[in-house]
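Quick notes on the structure that follows.
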Amino acid sequence: MSTGVRRRMGVEERRQQLIGVALDLFSRRSPDEVSIDEIASAAGISRPLVYHYFPGKLSLYEAALKRASEDLASRFAEPREGPLGARLHRVMGRFFDFVDEHGPGFSALMRGGPAVGSTTTNALVDSVRQAAFDQILSHLGVSEASPRLELVVRSWISLAESTALIWLDGRRIPRAELEKQLVQDFAALAAVSAAYDESMAAVLRGALREEPAESPFGELVGRLIALAS
C-alpha cells in the first residue's frame with residue numbers, strides 16, 4: 001500500500017532530473033522561449049529550488065547542452081565493418097534522429113541561442129565536431145589526416161550541420177534522401193580533392209575498393225555516368 005510520501009532526491013539525482021527536464025523542453029522549443037518557471041513546474045519543484053541547483057537558466061542550458069553533445073557525439077560511433085558507404089549511411093540516420101528529436105534546441109545552438117558564444121558552448125560544439133572528425137578518420141583507416149583530407153572531412157561535417165538546419169526549416173526535402181545525399185556528398189568532396197592529390201586518391205581508392213554497386217557511392221557513380229551520357 002502506498003503511503004503517498006514522496007522520496008527526497010539527493011543533490012546529484014535532482015540535478016540530473018532538472019537537466020533531463022530542461023533538455024526535453026529545449027528540444028521542443030527554442031531555449032530562449034523556455035522559462036525557469038516552466039522548468040520548475042515540469043520538474044515538480046519550486047522556482048527557488050531550481051536556483052538552489054543552478055545559478056540561472058544559462059548554466060542549466062549549458063548542462064543540458066553537455067548531455068546533448070555527448071549523445072550527438074556518440075551517434076558518429078560505428079563499427080568499422082562492411083563498406084564505408086553503408087557505415088556513413090547509418091551514421092547519418094542516427095545524426096538525423098538526433099536533429100529530429102532535438103530540432104529547436106539544435107537550431108538555436110547553431111543559429112544563435114542563450115549560450116552561443118560562451119566558452120563552454122563553443123567547447124561543447126567543438127568536441128562534437130572533433131568526435132565526428134576522429135570517427136571519419138577511423139572509418140577511412142587513417143591515423144593522421146593530411147591537409148587535404150582534413151579539409152574534406154571538416155567541410156563535410158559543416159555541410160551535414162547546415163543541411164540539417166535547412167531541413168528543419170519546413171522539412172521540404174525527404175529526410176531519407178538527404179541522409180543518402182550527404183553520404184554521396186562525402187564521396188564527391190573526396191573525389192574532387194583526389195583529382196589534385198595522389199595521397200587523397202589513395203585514400204579514396206581504399207575506401208571504394210569494397211563498395212557494392214547498390215551502395216550510396218555506387219549509386220552516385222551510376223547517376224553521374226547517366227548524366228554524362
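Assorted remarks:
- Relative to the dominant Cα principal axis of the chain, helix 175-194 is inclined by about 50°.
- In Å², nearest 10: area of Arg29 left accessible to a 1.4 Å probe: 80
- In the chain, the DSSP-assigned H stretches of four residues or longer account for a calculated mean residue ellipticity at 222 nm of -24000 deg cm²/dmol, using -39500 (n - 2.57) per stretch and the full residue count as denominator.
- Per residue, the range 133-177 exposes 55 Å² of accessible surface when a 1.4 Å probe is rolled over the protein heavy atoms with every protein chain present.
- Dimensions of the range 75-207 from C-alpha coordinates, computed as largest minus smallest value along each principal axis and given longest first, are 44, 34, 27 Å.
- Cα coordinate range in the range 183-229, projected on the principal axes (Å, largest first): 27, 22, 16
- On the chain, 55 percent of the accessible area sits on carbon and sulfur atoms, based on a 1.4 Å probe.
- The chain: angle of helix 84-101 to the longest principal axis, Cα-based, in degrees nearest 10: 30
- Accessible area per residue was computed with a 1.4 Å probe on protein heavy atoms; Leu72 scores about 20 Å².
- Calculated P(r) tail over 20 Å for the chain, as whole % of Cα pairs: 65
- Solvent-accessible area per residue for the range 1-90 (1.4 angstrom probe, square angstrom): 57
- Once the Cα atoms are used to define both axes, helix 198-208 deviates from the longest principal axis of the chain by about 80 degrees.
- Karplus-derived 3J(HN,Hα), 6.51/-1.76/1.60, for each residue of the range 55-63, Hz, glycine and proline x: x, x, 5, 4, 5, 5, 4, 5, 5
- Computed from the Cβ-Cβ distance with R0 of 41 Å, the FRET efficiency linking Met9 to Tyr196 stands at 0.10.
The values are calculated or read from the model by the stated rules, or taken from the named source; none is laboratory data. Computed from a predicted structure; not experimentally measured. Reconstructed Cβ throughout: ideal geometry from the backbone, glycine too, with neighbour counts over all protein chains shown. Ligands, DNA and RNA are excluded from the accessible area calculation, which covers all protein heavy atoms including side chains. Shrake-Rupley method; radii C 1.70, N 1.55, O 1.52, S 1.80 Å.
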